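The block underneath contains the structure these notes are about, expressed in structure tokens.
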């Protein structure tokens, strides 16, 4: 491959991955063509893209980017998966696909500068909450104390009403009020 062609490929990688700071490296070698197409179409419908990399050129393109740490995992046939709402969503989808396709190898992932190595690392990443899930958890935590305050404020009133009703029914029945438990 000539030097100008290599430079064009590196420039294309830089353009394609501009602004991408999170993603996964996978090996899709040995996957049947139909399964490969099925995988790619399913992921593309979720706005997740897969790009097969030319290793040495990808390493050059990843220099001076947030993806630089992934270069040590770029060996052998490698593809880069990115996109979706978050890299956690990408990891979840690829972990699910790895259960269906035995030859799909999960090599490494990066999330905000934190690297996850191998299948176990990517599976661990897939268990992280997405940004939306994290926001929901924070909102729930913020609202929880307010809910407890409301419960505490209304609970004694509910108990008093119950006691008054019990006393009223006892008096109506002609019973004496000794102790209400």
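The values are calculated or read from the model by the stated rules, or taken from the named source; none is laboratory data. The structure displayed is predicted, hence computed values, not measured ones. Cβ sites come from the backbone with ideal geometry, for glycine too, and all protein chains shown count toward neighbours.
Within the bounds of the range 93-104, is there any residue that is within 10 Å of the chain's Cα centre (by Cα) and modelled with pLDDT of 90 or more? Yes, some residue in the range 93-104 is within 10 Å of the chain's Cα centre (by Cα) and modelled with pLDDT of 90 or more.
For (1) at pLDDT below 90; (2) under 28 Å from residue 135 (Cα atoms), each residue gets a yes or a no:
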site	(1), (2)
14	yes, no
21	yes, yes
26	no, no
38	no, no
81	no, yes
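Looking at residue 110, is it at pLDDT below 85 and surrounded by 10 or more Cβ atoms within 10 Å (Cβ to Cβ)? No. Is there a residue being closer than 29 Å to residue 5 by Cα, within 17 Å of the chain's Cα centre (by Cα) and in contact (Cβ under 8 Å) with a residue 40 or more places away in the chain anywhere in the range 46-54? Yes, because at least one residue in the range 46-54 is closer than 29 Å to residue 5 by Cα, within 17 Å of the chain's Cα centre (by Cα) and in contact (Cβ under 8 Å) with a residue 40 or more places away in the chain. If the condition is being in contact with a helix residue (DSSP H, G or I) (Cβ under 7 Å, 6 or more places away or on another chain) and under 19 Å from residue 121 (Cα atoms), then the range 51-74 contributes 68, 70, 71, 74. Of all residue pairs spaced 6 or more apart or on separate chains, those with beta-carbon atoms under 6 Å, a first member in the range 71-94 that is free of Cβ contacts under 8 Å to residues at least 60 places away in the same chain and a second member that is crowded, with 19+ Cβ neighbours inside 10 Å and assigned to a loop (DSSP other than H, G, I, E, B) are 79/28. Is at least one residue of the range 17-34 over 26 Å from residue 97 (Cβ atoms) and out of contact with any helix residue (DSSP H, G or I) (no Cβ under 6 Å at 6 or more places or on another chain)? Taking every residue of the range 17-34 in turn, at least one turns out to be over 26 Å from residue 97 (Cβ atoms) and out of contact with any helix residue (DSSP H, G or I) (no Cβ under 6 Å at 6 or more places or on another chain).
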